[in-house]
Amino acid sequence: MFGVSNQRRYALALPPVVIVFVLLIMQVWSDEGGLELVVGSAAWLYGGSVVVWTVCTALAIRRMRWGWLLLLTAPVVFGPALLYGLLLAVCASGNCL
């Protein structure tokens, strides 16, 4: 399709999927799950992986029209940040734990 080999086509999908598995493993190994991932000692690694995931997913969607890649991987990548944002919103309203 469009002169791109199958090996190269799937190489675009590999980095986002690997990042998702690494983030899942990091959440399982961390003491507090996603919260520690976002604000803990590995926050720089989480932020960097989100940037790399975003670029690779955007390239895969743009070149190969793989919207499914975004739908399957976005909840895992943005889940910890969303939960942290919800925790901050609850604490700001005075209902902190």
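Every number in this text was worked out from the coordinates using simple rules, so none of it is lab data. Small disclaimer: the values here were computed from a predicted structure and weren't measured. Positions of Cβ are backbone-derived with ideal geometry, glycine not excepted, and every protein chain shown enters the neighbour counts.
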What is the diffusion coefficient of the range 1-93 in µm²/s, taking the Kirkwood radius over Cα pairs and the Stokes-Einstein relation at 20 °C with a viscosity of 1.002 mPa s? 150 µm²/s
Taking only C-alpha pairs under 8 Å that are 6+ residues apart, what is the relative contact order of the chain in percent? 33 percent
To the nearest 10 degrees, how steeply does helix 43-64 sit against the main Cα axis of the chain, on a 0 to 90 scale? 30 degrees
For the residue pair Leu83 and Thr54, what label-to-label distance in nm results when each label sits 7 Å from Cα along the Cα-to-beta-carbon direction? 2.1 nm
